[in-house]
1. Can you say whether Phe173 is under 17 Å from the mean Cα position of the chain (by Cα) and farther than 29 Å from Tyr6 by Cβ, as far as the supplied structure shows?
2. Tell me which residues, restricted to the stretch 19-37, are surrounded by 15 or more Cβ atoms within 10 Å (Cβ to Cβ) and in a helix (DSSP H, G or I).
3. Given the conditions (1) out of contact with any Leu (no Cβ under 8 Å at 6 or more places or on another chain); (2) assigned to a helix (DSSP H, G or I); (3) within 18 Å of Thr15 (Cβ to Cβ); (4) of a type outside the set (S, T, N, Q), report the number of the one that Ile168 does not fulfil.
4. Pull up the stretch 57-76, narrow it to residues that are of a type in the set (Ser, Thr, Tyr) and not in a helix (DSSP H, G or I), then point me to the one that is farthest from Gly137 (Cα to Cα).
5. Run Ser108 past the list (1) surrounded by fewer than 21 Cβ atoms within 10 Å (Cβ to Cβ); (2) closer than 25 Å to Ala203 by Cα and report the number of the one that doesn't hold.
6. Residues of the stretch 86-108 being β-branched (Val, Ile, Thr) and more than 15 Å from Asn177 (Cα to Cα), which ones?
Amino acid sequence: MLETKYLYLAINIFTISVPLIRAFEHRIRFAKSFKHLLPAVAIVGGFFVIWDVWFTSMGVWGFTPEYLTGIDIINLPLEEWLFFITVPIACVFIYRVLNYFWPTPFFSLNTAFKVNLFLAFFSFAMAVMHTDKWYTGVNFGLIALYLLYIQYIAKPNWLAHFYRSYLIALIPFFIVNGLLTGFGLETQVVWYNDDHNLGTRIATIPFEDAFYGMLLVMGVVDLYERFSKNAYHQ
């Protein structure tokens, strides 16, 4: 059933299905946020597409044709472009739902900044120690810089809300990424060259992906909050 050229497309559809179905729900009113969310997704997604094209051309990762429709745009499968739309929208939907029903996170803003600073220095150390591995070095270097920007320049009031929602979002994120990296399949939809990463996997998922996803989603939330001027003040 899963061995089909429409698998990656189906994963994207599954990812976006609940947010779209519930977009007009009268309490969350997710559809009304699209005017702020879609520009944020486009800007951050554009950056990640450039990164993706670069790493694909270098053989850091790639895609198995048997799971793709065969439609390519700038040497990337259509499905990969959709990934940078469906995943952030789904994660922001989780963020919005949690903020509506549970407006107070289970940890303080101060705690969130402590976690943020720890992750920044952890990421910086990982980048410095693995400059010989493209995915590890670039991924952790970028997230370290971004977290330091969040810590000392942006100082957003939404940080505790973000970390709460990202912890929850990791559950569907790992399900989606697990499928993409070959869990339950004959091979991988998205393959990784282990010469360019740590070689450490969470089941089938490279360790770096959790931080890659955090950079993607945090970047979208940051712009979304700026555009909507809705910072959930403490």
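1. Working: under 17 Å from the mean Cα position of the chain (by Cα): yes; farther than 29 Å from Tyr6 by Cβ: no.
It is false that Phe173 is under 17 Å from the mean Cα position of the chain (by Cα) and farther than 29 Å from Tyr6 by Cβ.
2. Pro19, Leu20, Phe30, Ser33, His36, Leu37
3. (1)
4. Filtering the stretch 57-76 for residues of a type in the set (Ser, Thr, Tyr) gives 57, 64, 67, 69.
Then keep just the ones that are not in a helix (DSSP H, G or I); that gives 64, 69.
Numbers: Thr64: 25, Thr69: 32 Å.
Restricting to residues being of a type in the set (Ser, Thr, Tyr) and not in a helix (DSSP H, G or I), the top hit is Thr69.
5. Going through (1) surrounded by fewer than 21 Cβ atoms within 10 Å (Cβ to Cβ); (2) closer than 25 Å to Ala203 by Cα one by one, Ser108 breaks only (2).
6. At the first step, the residues of the stretch 86-108 found to be β-branched (Val, Ile, Thr) are 86-87, 89, 92, 94, 97, 104.
The answer is Ile89, Val92, Ile94, Val97, Thr104.
Residues are listed down the side, and each one gets a yes or a no for (1) under 26 Å from Asn197 (Cα atoms); (2) not small (Gly, Ala, Ser):
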| site | (1), (2) |
| --- | --- |
| Asp52 | yes, yes |
| Glu66 | yes, yes |
| Pro77 | yes, yes |
| Thr86 | yes, yes |
| Tyr95 | no, yes |
| Phe107 | no, yes |
| Ala112 | no, no |
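Results for (1) among the aromatic types (Phe, Trp, Tyr); (2) surrounded by 13 or more Cβ atoms within 10 Å (Cβ to Cβ); (3) in contact with a strand residue (DSSP E or B) (Cβ under 7 Å, 6 or more places away or on another chain), shown as yes or no for each residue.
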{"position": "Leu68", "(1), (2), (3)": "no, yes, yes"}
{"position": "Trp81", "(1), (2), (3)": "yes, yes, yes"}
{"position": "Thr86", "(1), (2), (3)": "no, yes, no"}
{"position": "Asn116", "(1), (2), (3)": "no, yes, no"}
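The values are calculated or read from the model by the stated rules, or taken from the named source; none is laboratory data. In this text the structure is predicted, and so the values were computed from the model without any measurement. Ideal geometry is used to build each Cβ from the backbone, glycine not excepted, and the neighbour counts take in all protein chains shown.
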